[in-house]
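This report concerns only the one structure given below.
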Amino acid sequence: MLSVQNIEAGYGHIPVLRGLNLEVADNEAVAIVGANGAGKSTLVRAILGLSPPTTGSISFNGADIGARPPHSRVEDGIAVVLETRGLFGELTVAEHLRLSEHAGSRARRPDGFVRMSLEEVLDLFPVVREKLSTRVEFLSGGQQQMVAVARALLLQPRLLVLDELTTGLAPKVVQEILQALGLLRARGLSLLIVEQSVKLAAAMTDRAYVMSLGRVVHEVRRGEWEQALLDDTLSKAYLHG
Ligand SMILES: Nc1ncnc2c1ncn2[C@@H]1O[C@H](COP(=O)(O)OP(=O)(O)OP(=O)(O)O)[C@@H](O)[C@H]1O
Ligand SMILES: [Mg+2]
């Protein structure tokens, strides 16, 4: 589905990603973990097209999308929730969702793709339903995060990329998110999740890439999560990668 090959990307002349490779298969959930400043959010920005790669390639379902602009991602089938969320304070929750619903309804999808209705998305995040007529600037940080995910889902993605969604959320809300992600996977969605907590990454995904200094320095393969949580390979990769 998603294939990132040997990319370099950064800000102006400052390189951040230096020869990074990763893959996400159909209906797979993959985590990215790594220390602050490792380049995780820059990778997310590169996938969205905000920090396009200067070398290497990003392909999605066989098409090279690395040089395409961010707005074409809806058409491509990728929805991203950035670390900064990108919500508009003066707009209500319903206005955010309506804009997204409109964009998602126009996106072409393959035969057999099941679109999510607004009702289904609101069922996944009841707190969003309660706040539909509220301006986003009056929501708590956690509520805003839910709105950002609901908005992303209405773009009808085939791959959902989440940058540190659980940071700062109450444990009960995190459990709700885990449940929602499980339901989304059951519908065939692929997930790429940047997560600070290795434990949560293990609960949310099949496998992981550990990043350090703009590269992947370690992989936790399918079936290896349990062992990775037990031994110190991850902390070693973080510290010395
Ligand atoms: N807008 C920017 N302009 C210039 N440099 C930036 C910018 N954003 C990030 N960087 C630099 O890029 C590097 C990687 O940052 P990035 O945000 O990708 O890390 P991260 O792994 O997401 O960290 P965190 O866990 O803190 O979110 C850092 O050295 C940072 O200083
Ligand atoms: Mg980040």
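Placing a label point 7 Å from the Cα of Gln179 along the Cα-to-Cβ line, the residues of the range 97-122 whose backbone N sits under 20 Å from it are 117-122. Restricted to Cα atoms, the chain shows a radius of gyration and a Dmax of 17.3, 49 angstrom.
The share of Cα pairs per 10 Å bin across the range 102-241, counted from zero up to the longest distance, runs 10, 36, 31, 18, 4 percent. Here Ser117 sits with roughly 50 square angstrom of accessible surface, probe radius 1.4 Å. A crude spin-label estimate for the pair Asn36 and Asp64, with each label 7 Å from Cα along the Cβ direction, gives 3.8 nm. According to the calculation over all Cα-Cα pairs in the range 162-218, the P(r) per 10 Å bin from zero is 20, 54, 22, 3 %.
Among Gln145, Gln179, Gln227, the largest mean-square fluctuation in a Gaussian network model of the chain (Cα springs under 10 Å) belongs to Gln227. The distance between label points at Lys172 and Glu8 comes to 5.1 nm (points 7 Å beyond Cα on the Cα→Cβ vector). Within the range 1-33, name every residue whose backbone N is under 13 Å away from a label modeled 7 Å from Cα of Ser57 along the Cβ vector. Taking a point 7 Å out along Cα→Cβ of Ser57, the residues of the range 1-33 whose backbone N falls under 13 Å are 3-7. Rounded to 0.05, the FRET efficiency of the Arg108 and Glu219 pair, given R0 = 41 Å and the Cβ-Cβ distance, is 0.80. Taking the longest Cα principal axis of the chain as reference, the axis of helix 93-106 is set at about 70 degrees.
Here the dipole of the range 1-122 is about 280 debye; that uses its Cα centre as origin and unit charges on the Cβ of Lys and Arg (positive) and Asp and Glu (negative).
The values are calculated or read from the model by the stated rules, or taken from the named source; none is laboratory data. Source: prediction; values computed, not measured. Note: ideal-geometry Cβ built from the backbone for every residue, glycine included; neighbour counts use all protein chains shown. Accessible surface areas use protein heavy atoms only, side chains included; no ligands, DNA or RNA. Shrake-Rupley method; radii C 1.70, N 1.55, O 1.52, S 1.80 Å.
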